[in-house]
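This report concerns only the one structure given below.
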Amino acid sequence: MDSRFGSTTLRRTGSLAAAATVLGLLVPLLLALGGCPPGDDGRPPEPPPPEPPTATAPSPLRRLATEELNRTLRDLFPGVTVPAVEITEDPGKNFVQDAAYQVVTDLGVEELRAGANAVAAAVALAVDDDPLVLWPRAPAGDGDARAVVDEWLQSFLPRAFRRPVTEDERARFVDFFAAQAATHGSDVALQLVLQGILQSPSFLYRLELEDTGNADDRGRVPVSSVAMATRLSYFLWGSMPDDALLQAGVDGALATPEGLAAQTRRLLDDARALDAIQSFHRQWLDLDRVLRTNKDPSRFPEYNEFLRGAMRREADRFLELVFSTDSKLRTLLTSRQTRLLPGLGPVYGVSVAEDDALVTLPPERSGILTQAQFLASRSHAVESSPVLRGVFVLERLLCASPPPPSGDIDITPPSADDPGAPTTNRARYAAHTENPSCKSCHAPIDGIGFGLEAFDSVGRFRTTDGGQPVDASGDLSATAVGGTFDGAAALGAILADSPVVADCVARHWFRFAQGRHEDHLSDDADLQLLKAALVASDGDIRALLASIVLTDAFRTRVAGGAP
């Protein structure tokens, strides 16, 4: 056996592959169990009987999403550059944190296995260079390796599993290390131990197994203080709890509203809170869509990969700006301040001297709905799209998704090249939707989208279209918001003051926090409280997040196992 966890043995690919075979066979079983620990005899326990129907929404079993997994690995191995793990995810318009879309496929199992193997190899190489990057001390020879591993796992396993571990749990890993080290060497044994930990349900899933007493009349029990540490950290940081939060969980401090509120404030004040905030907005506003949006190069030769990247970057820098100032919904929807790369200057009609320069945009710009990334990604290759822009606002800001068009309706976007087509894009869309079967759906869609017609397909401001003055008047009377407006800035101001928008934003944050859609029977009271909290705080998103943590849905779960 090697006296060091060295790179020489890392090259024993045959030994590593052979030793990993048994571990690899366990992974599908572990994932299928969804986190159920084995019985005392090593066999999985019998599945529990099905829960009786209740009038309360469940707390679903949630796996770490790709971004959460990678942040967790970053925080679990500080000082080690670990490779990114990629898991195929396709939640559609839902959050990747939504448990309903976290089904583990055969491909997913292989991706998790490959990711764990790559991370384990990277950590082992780092340990070879500097044992103290992982170990509490360097092994003093072969005979000391087991003792060092045991000492390391005493602190590492509770961090990896985000809960206290038993001596038996730790002993199984120590024994496994010793057995593999005797045959394959210490560095291979280390990799196998890490592979096992990183593919364990206790690492991959957010398990809530603790018994917290009798259920109430709705079949719910409080989430344990230990489990709450994980709920809180993945909601507010998108990553594992730090040592202080884990200790607060063990001490029972998170079982009280006061203790929970104190830790919530601490986490929100930490720079890591921006990771979760960015994740929410990236998914809620589909910020990555611009990276997949192409334009006609003959019309927009300047629209290239660099410009798309600059548009996407602006969204992140803008969110940092919003949440480093007042964290208000109004600021998100109406602020004229942003940070730009020089390449975006011509799109906005401003001079940008340096990367991420703080600029104040012209008065026709107002908040996220007038950013180039939104306007370009909700346009076609040549023309802007009132429909795409209007549908986005309805779905994401008003929670009023229009029904899909019936199969017999032509949904081809109108073109200026169509025979007899009107001169302006707005007029073409208005004529295109004159069909009586289209009007009922398009009244709210076009009423919003027409108000954004002062911006072309790449997001540049324009006062004329087809040689005619742009008509950017809009109409919200077919929506729950009501009223009319003229131009994008006026639209942003109306939406910022609307209780309908406050309700919708609260719903999206609730879904992000809970990993599921709201249940209209059991969650309505919580949602009303969240809407009221957002309105009372003048749209303070951080105040909304603190309120979510104190809801009944966040602090309780359905009784009877995980979770």
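Here are the numbers:
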read-out: Given (i) 30.1; (ii) 26.2; (iii) 33.9, the label whose value is Kirkwood radius over Cα pairs in Å derived from this model; value: (ii)
read-out: Gain upon complete extension [Arg289, Ala261; 0.36 nm per residue less C-alpha separation]; value: 6.5 nm
read-out: Pairwise Cα inverse-distance average, inverted: Kirkwood Rh of the range 467-520 (Å); value: 13.1
read-out: Nitroxide proxy distance, nm - points 7 Å out along Cα→Cβ at Ala100 and Leu132; value: 5.2
read-out: Distant-in-sequence amide H partners of Asp540 (H built 1.01 Å from N, under 5 Å); value: Leu329
read-out: 5 angstrom amide H check on Leu285, placed H, neighbours 5+ away; value: none
read-out: Fewest-first sequence of Ser366, Ser202 by Cβ atoms within 10 Å of each Cβ; value: Ser202, Ser366
read-out: Under 5 Å, built H, 5+ apart or other chain: amide partners of Asp465; value: Val470
read-out: Per residue Cα convex hull volume in Å³ - calculated over the range 374-528; value: 135
read-out: Calculated from backbone phi, Karplus (6.51, -1.76, 1.60) coupling profile of the range 514-531 in Hz, x at Gly/Pro; value: 8, x, 6, 7, 5, 9, 5, 7, 9, 9, 4, 4, 4, 5, 5, 5, 5, 4
read-out: Mean separation of Cα contacts under 8 Å (6+ apart) over length of the range 348-500, as relative contact order %; value: 28
read-out: Ordering of 508-517, 533-542, 372-381, 186-195 by packing [mean C-beta count within 10 Å, highest first]; value: 186-195, 372-381, 508-517, 533-542
read-out: Relative contact order of the range 196-249, pairs being alpha-carbon contacts under 8 Å that are 6 or more residues apart, as %; value: 26
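Readers should treat all values here as calculations from the given coordinates under stated rules, not as data from a laboratory. Note that this is a predicted model, so its numbers are computed, not measured. Please note: Cβ atoms are built from the backbone with ideal geometry, for glycine as well, and neighbour counts cover all protein chains shown.
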